[in-house]
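Take a look at the structure below.
All of the numbers you see were taken from the coordinates with simple rules; none came from a lab. These numbers come from a predicted model, not from an experiment. Positions of Cβ are backbone-derived with ideal geometry, glycine not excepted, and every protein chain shown enters the neighbour counts.
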Amino acid sequence: YILSFCTPEQVKSVVEQVRPLLNKFGGVCYVSDAMEVRSMRCVASLQE
């Protein structure tokens, strides 16, 4: 497995580098958009 997080500007370069691996070993490549969800406070602070 390859799991990569990159900026939108880097996607083309990443795909170009992954494609030879797909051609050699097979498989699929999915490109998706993701959004970071930040916590409002640390979970440790919820424990008493």
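Contact list please: Cβ distance under 8 Å, first residue in the stretch 23-37 and in contact (Cβ under 8 Å) with a residue 12 or more places away in the chain, second residue not basic (K, R), pairs at least six apart or on different chains.
Within 8 Å, the pairs are C29/V15; C29/V18; C29/L22; V31/V11; V31/V15; A34/F5.
Within the stretch 13-39, how many residues are loosely packed, with under 10 Cβ neighbours inside 10 Å and of a type in the set (K, R)?
2
Restricting to the stretch 1-38, name every residue that is part of a helix (DSSP H, G or I) and acidic (D, E). Break it down into steps so the answer makes sense when it comes.
Filtering the stretch 1-38 for residues part of a helix (DSSP H, G or I) gives 8-25.
Those that are part of a helix (DSSP H, G or I) and acidic (D, E): E9, E16.
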